[in-house]
Amino acid sequence: MTDLSQKMAQPISIDGARKSRGHMTLTRIRLSLLIAMLLFSVVAGRLVFLANVDSAQAVEGEVRPALAATRPAVLDRHGTPLAIDIEVPSLFAEPRQIIDVDEAVEALSTVLTDIDRKWLRDRLDGDEGFVWIKRELTPQQKERILKLGIPGLYFDSESRRYYPGENVAAHILGAVNVDNVGIAGIERYLDKQDVALLQDLGFARDRDLQPVSLSIDLRAQYIMHRELMGALERYKAIAAAGVLMDVNTGEIIALVSLPDFDPNIPAGALEEGRINRITAGKFELGSTMKMITASAALDSGLVQITDEFDARKPVWFGRHSIGDFHAKKRILTLPEVIKYSSNIGTIKMMQKLGKDRFRAFLSDIGFDGRPVIELPEKTQSRIADKFSEVAAATASFGHGFSVTPLQLVTAYAALVNGGDLIEPTLLPRDRIAALAMSKKVISERTSDRARYLLRLNSLEGSGRKASPEGFRVGGKTGTAEKVVDGRYSDDKLLNVFASAFPMDNPKYAMVIMVDEPVRENEQSGHTAAWNAGVVTGKIIERVAPMLGVVPNLDPELDARLVPAELR
């Protein structure tokens, strides 16, 4: 019985062991699957997280915009691209994967010839997971680097800003940095706007941005740029600038300041003298201010268009006197004061108005503070809060205080559009919106007289060279002596011509400035009529037909501008 029992017990023991080992195997399999699933979940979760991060990535301890970031296209008023984004390759490395650093440096140097080898060796000789080597390569450079077959080098696509017109609208558009962030001009302005325009720092990946349209007409912009470039060469000037404005809406149609730069190479903007002189430069603008003084006096009612002023002798202030450049030494009518650009007549006109009223008008016409415009590059005018008798006298003909050319063109627009001071803008605006934010600074009656005086000066005075036949231009020259070592210089002049057209139905105002021009020859002059005036005429002759202003030689158009009491 004992033997039988032992024989029967043996198989039972073996079967139990097999079952126990089977259970352990299944448990281990289940545990392995569970661990694998947990690891997979962690990896999947991390991938999902990374896929949803689009605003910034940490690179070398800094936060940078996402590589796929884009900016909205910037267009002119007719839809022509001024600034667009293009995709470009950028080279980065994972130094931990670089096998032979010296070999990699030598090979890359054959393609990136401008790169510093020591800097590149230090860059590649480390254990970082990511370092930039070169941003914004050309497709040809990318192809040559790929052919080198160096492990640890990779490419990513970035958005690069491209400006098809290069220098033509440089000071309007500004520029962006290597991370596609606006650093100047309208590009910087856009980055500061509401997220409805731009996402985060002006970037967006997941949606298409609507193009931004400007008020600029690229055709007019190109013509102004070309003519001012010609002026630099022709008159050997150190700088030139111009701005064209719609007098009824405040829209800027063209704006140029030379010397300029290529926004595709933004470092050029840092070179000396390349500021935006229209908004960020302030100047004594000379006799262009005589029309401001005349308009203030006429609008006060204290001076009439039929008044006369004794210009036979200089005006004395203590031991100092102020006379006329081309003295007529006779009594001048008010229109003759403008026609002959009489300092004496203008001072006496201001004295009838009163220095305090005159100073208040300069504030009303927009000469205080910074100009209003979307561009961030702006400067504050320099003008005393209160005038003495002599300060008011010199200010009446444009000396002793400084304003920006943009403030001047805005004031001239108000003189001819019926008296409405309208803030300038680089964005599209209609007449209704413009009037809603305008301020009445002179009456329509005064505006009519200002148009007559400006047209008279272009027909018979210093503005004749700026008036191409048939376009009914009106304007005023300004020749300002520049201050050198604390004294006014006879040789260094800032020449300005402020104009509007067509005077029978004004639509546009323009200011052209030529800095330190040289006489073309012994027979020519170097005052504003000979350069700033000539450039003005050339621009208007080419631009006006594009803007819908056609020549009209009907003499009745000029006859209607003459005030009734002068006919």
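Worth pointing out:
- When the test is whether a residue is of a type outside the set (D, E, K, R), within 30 Å of Arg277 (Cβ to Cβ), touching a residue at least 60 places away in the same chain (Cβ under 8 Å) and touching a helix residue (DSSP H, G or I) at 6+ places or on another chain (Cβ under 6 Å), Ile186 passes it.
- Some residue of region 387-394 being of a type outside the set (Gly, Ala, Ser), under 22 Å from Trp316 (Cβ atoms) and free of Cβ contacts under 8 Å to residues at least 60 places away in the same chain: yes
- Filtered residues of region 150-195 (kept if under 22 Å from Arg135 (Cβ atoms) and assigned to a loop (DSSP other than H, G, I, E, B)): Ile150, Pro151, Gly152, Tyr163, Pro164, Gly174, Asn177, Val178, Asp179, Asn180, Val181
- Condition met for Lys476 (surrounded by fewer than 23 Cβ atoms within 10 Å (Cβ to Cβ) and among the charged types (D, E, K, R)): no
- Among the residues of region 248-263, the ones that are over 12 Å from the mean Cα position of the chain (by Cα), of a type in the set (D, E, K, R) and not in a strand (DSSP E or B) come to 1 in all.
- Test result for Ser447, within 31 Å of the chain's Cα centre (by Cα), farther than 25 Å from Lys538 by Cβ and crowded, with 20+ Cβ neighbours inside 10 Å: yes
- Meets criteria (of a type in the set (D, E, K, R) and in contact with a His (Cβ under 9 Å, 6 or more places away or on another chain)) for Glu377: yes
- Matching entry among Ile540, Ile512 (being in contact (Cβ under 8 Å) with a residue 60 or more places away in the chain, buried (at least 24 other Cβ atoms within 10 Å of the Cβ) and assigned to a strand (DSSP E or B)): Ile512
- For region 273-303, a residue qualifies if it is touching an Asp or Glu at 6+ places or on another chain (Cβ under 8 Å) and surrounded by fewer than 19 Cβ atoms within 10 Å (Cβ to Cβ), and the qualifying residues are Arg274, Ile275, Ala280.
- Among the residues of region 335-349, the ones that are of a type outside the set (Val, Ile, Thr), more than 14 Å from Glu460 (Cα to Cα) and buried (at least 24 other Cβ atoms within 10 Å of the Cβ) come to 4 in all.
- The conditions of being more than 25 Å from Ala240 (Cα to Cα), modelled with pLDDT of 90 or more and not assigned by TED's automatic domain parsing to the domain that holds Leu190 are not met by Gly478.
The values are calculated or read from the model by the stated rules, or taken from the named source; none is laboratory data. Note that the structure is a prediction, hence the values are computed from the model and not measured. Virtual Cβ from ideal backbone geometry, glycine too; neighbours counted across all protein chains shown.
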